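Engineer: Dropping a structure here in structure tokens format, bear with me for questions.
The values are calculated or read from the model by the stated rules, or taken from the named source; none is laboratory data. Note that the structure is a prediction, hence the values are computed from the model and not measured. Please note: Cβ atoms are built from the backbone with ideal geometry, for glycine as well, and neighbour counts cover all protein chains shown.
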Amino acid sequence: MSENYSQMWTELGLNLKSHEKLLDVLGQAYRDIFLAQKNRPEGMQYFDFVMSEIHGLRVKELLDAKKHDRIVVGAFCTFVPEELILAVDGICIGLCTGAEYGFDEAEKYLPRNTCALIKSIFGFKLGKVCPYIESVDLLVGENTCDGKKKAYEILGTLHDKLYIMDMPQMKSDDGRNLLKAEYKKFQTKLEAISKKKINSENLKKSIKIVNNKRKAVQRLNMLRTAEPTPISGLDALLINQVYFYDDPIRYTNAVNKICDELENRIANNVGVFPEKTPRILISGCPMAVPNWKIPMIVENAHAVIVGEESCIGERGTQNLVDDSKDSVAELLEGIVDRYFKIDCAIFTPNPSRLDHILHMAKDYKADGVLHYCLQFCQPYQIESGIVENALEDVNIPVLRINTDYSQEDTGQIRTRVEAFIERISS
Ligand code: BJ8
């Protein structure tokens, strides 16, 4: 990190010693996993810089923005509509929940058999090592899976800015009405804390900003369908992870810039791995920063990840909001339409996720699908059997992995992944 941010972290109430240890571990992991890759696109330098300053410069930017009366909103789920936050000139940050940190403390509040993503929320808060969670003016929890829903009841006793958004469980008219009502309540809440009104002008502008961000990632995804693929799955995942932190306009420019470079690579038949490298689609639970375990194992075993059917991936970035309308009410309908299509496994039934996986496997020319689940995540684990059957029916091999954030099962997973890659290569 280029500057010394100790004073900023102290003022945020971080535990400096623990925080320093965490940054050391993450910095080393980043060097070993990302910087050790060969043949990376030059455009990744931007994302390396963002990651190197993730607890520094970006946090400073947020605190400076707050001094200018802008609010910062933290979210744990892709159902939180960034468009509404931007419309009140706020900043939306997706909080990372991808590290095994402070689990001993978290387990004083949560059962051991809680998914690692939820424990991570508590671990970071209780360990006082996350500058984002300490900076927010509003922390949005959503009633998605049972684990999160119940854990937020307890999180509310640890964080006084927690706001709960209810969520539908079925894709019915009633479900859509519920989502719309919740987004209206969220609008009211944002207007109250920011002291700014949402109007058609600022809402339309914010929809365009987020649409452009999604279009840039969609462009990146399309380029990954090329053979040989011009970017590693690890780097593409990182770009998808940075999506949740960075300034949206700056991010969009950086993604489009790397896409220009990848287009050149494709035109010159330059791939990041040799031709005929087995292509794997990842499907399942989100992989939040710094959860890089599975992609690292896959790509070190000489396969390439070509897509992510995940909320930190295509499930989170597909579909745009209709920005052609002129009133706040109509624009809000467009937002509800877009978000209601997210096919999270908390919905029952959830056939569109299955269709999406089948399409992705075909479009990305995947030789196999790795279905990734966090232990104790019932929605995705229960859907994994349905996904496997549907894919095997069309002769696409599937490997199901259930894991957590620890490194203990790395060897065992590596063995299974290598056997799977051998199977799909023959
Ligand atoms: S829209 S996937 S970001 S809820 S892994 S906490 S489901 S037990 S994260 Fe998600 Fe929103 Fe859905 Fe996407 Fe529960 Fe499963 Fe844990 Fe999970």
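Engineer: Using the structure shown, decide if residue 304 is farther than 17 Å from residue 225 by Cα, of a type in the set (A, V, I, L, M, F, W, C) and modelled with pLDDT of 95 or more.
Structural biologist: Values: farther than 17 Å from residue 225 by Cα: no; of a type in the set (A, V, I, L, M, F, W, C): yes; modelled with pLDDT of 95 or more: yes.
No; evaluated as a whole, the condition is false for this residue.
Engineer: Going through segment 260-303 one residue at a time, which ones are more than 28 Å from residue 97 (Cβ to Cβ), in contact with a strand residue (DSSP E or B) (Cβ under 6 Å, 6 or more places away or on another chain) and polar (S, T, N, Q)?
Structural biologist: 277
Engineer: Of the conditions (1) more than 21 Å from residue 288 (Cα to Cα); (2) within 14 Å of the ligand (Cβ to nearest atom); (3) touching a residue at least 12 places away in the same chain (Cβ under 8 Å), residue 111 satisfies every one except a single condition; which number is it?
Structural biologist: Here residue 111 meets the rest and fails (3).
Engineer: I'm trying to understand the selection: among the residues of segment 6-37, which are under 26 Å from the mean Cα position of the chain (by Cα) and free of Cβ contacts under 8 Å to residues at least 60 places away in the same chain?
Structural biologist: Passing the criteria: 20, 21, 23, 24, 25, 27, 28, 31, 32, 35, 36.
Engineer: Moving on. Residue check: is residue 81 within 16 Å of the ligand (Cβ to nearest atom) and without any contact (Cβ under 8 Å) to a residue 60 or more places away in the chain?
Structural biologist: Values: within 16 Å of the ligand (Cβ to nearest atom): yes; without any contact (Cβ under 8 Å) to a residue 60 or more places away in the chain: no.
It is false that residue 81 is within 16 Å of the ligand (Cβ to nearest atom) and without any contact (Cβ under 8 Å) to a residue 60 or more places away in the chain.
Engineer: Sticking with this structure for a sec: Hey, any hits in segment 384-394 for a residue that's small (Gly, Ala, Ser) and touching a Lys or Arg at 6+ places or on another chain (Cβ under 7 Å)? Working first, answer last.
Structural biologist: So in segment 384-394, the residues small (Gly, Ala, Ser) come out as 384-385, 390.
Filter once more, keeping what is touching a Lys or Arg at 6+ places or on another chain (Cβ under 7 Å): 384.
Yes, that holds for at least one residue.
Engineer: Would you check if residue 278 is within 17 Å of residue 226 (Cα to Cα) and either under 19 Å from the mean Cα position of the chain (by Cα) or not assigned by TED's automatic domain parsing to the domain that holds residue 54 (or both)?
Structural biologist: yes
Engineer: Let me ask something additional. Within segment 223-264, which residues are among the basic types (Lys, Arg) and either crowded, with 20+ Cβ neighbours inside 10 Å or not assigned by TED's automatic domain parsing to the domain that holds residue 366 (or both)? Before the answer, list the steps.
Structural biologist: Taking segment 223-264 as the starting set, the residues that turn out to be among the basic types (Lys, Arg) are 224, 250, 257.
Hit for segment 223-264 is 224, nothing else.
Engineer: Out of segment 282-335, which residues are within 16 Å of the ligand (Cβ to nearest atom) and among the charged types (D, E, K, R)?
Structural biologist: 293, 308, 309, 314, 315
Engineer: Could you look through segment 122-143, keep only residues that are out of contact with any His (no Cβ under 9 Å at 6 or more places or on another chain) and within 11 Å of residue 103 (Cβ to Cβ), and pick out the one that is farthest from the ligand (Cβ to nearest atom)?
Structural biologist: 126
Engineer: Take residue 210 and decide whether it is closer than 14 Å to residue 81 by Cβ, among the β-branched types (Val, Ile, Thr) and assigned to a helix (DSSP H, G or I).
Structural biologist: So residue 210 passes the test.
Engineer: Return the pair list, or none, for Cβ contacts closer than 7 Å from residues in segment 157-174 that are on the phi < 0 side of the Ramachandran plot to residues that are of a type in the set (Lys, Arg) and at pLDDT 95 or above, at least 6 apart or on different chains.
Structural biologist: 158/125; 159/125; 163/189
Engineer: Does segment 149-157 contain any residue that is assigned by TED's automatic domain parsing to the domain that holds residue 184, basic (Lys, Arg) and more than 13 Å from the ligand (Cβ to nearest atom)? Spell out the reasoning first.
Structural biologist: Initial filter on segment 149-157 (assigned by TED's automatic domain parsing to the domain that holds residue 184): 149-157.
Still in the list and also basic (Lys, Arg): 149-150.
Right, trim to more than 13 Å from the ligand (Cβ to nearest atom) and you get none.
So far as segment 149-157 goes, no, none of its residues is assigned by TED's automatic domain parsing to the domain that holds residue 184, basic (Lys, Arg) and more than 13 Å from the ligand (Cβ to nearest atom).
Engineer: Against the conditions (1) surrounded by fewer than 17 Cβ atoms within 10 Å (Cβ to Cβ); (2) more than 14 Å from the ligand (Cβ to nearest atom); (3) closer than 30 Å to residue 293 by Cα, where does residue 146 fall short? Just the number, please.
Structural biologist: Only one criterion is unmet by residue 146, namely (2).
Engineer: Would you confirm, using the coordinates I've provided, whether residue 419 is assigned by TED's automatic domain parsing to the domain that holds residue 229 and within 25 Å of residue 220 (Cβ to Cβ)? Walk me through how you get there before you give the answer.
Structural biologist: Numbers: assigned by TED's automatic domain parsing to the domain that holds residue 229: yes; within 25 Å of residue 220 (Cβ to Cβ): no.
The answer is no for residue 419.
Engineer: Right, next: Of the numbered conditions (1) away from the ligand (no atom under 16 Å from the Cβ); (2) out of contact with any His (no Cβ under 8 Å at 6 or more places or on another chain), residue 55 fails exactly one; give the number of that condition.
Structural biologist: For residue 55, the failing item is (2).
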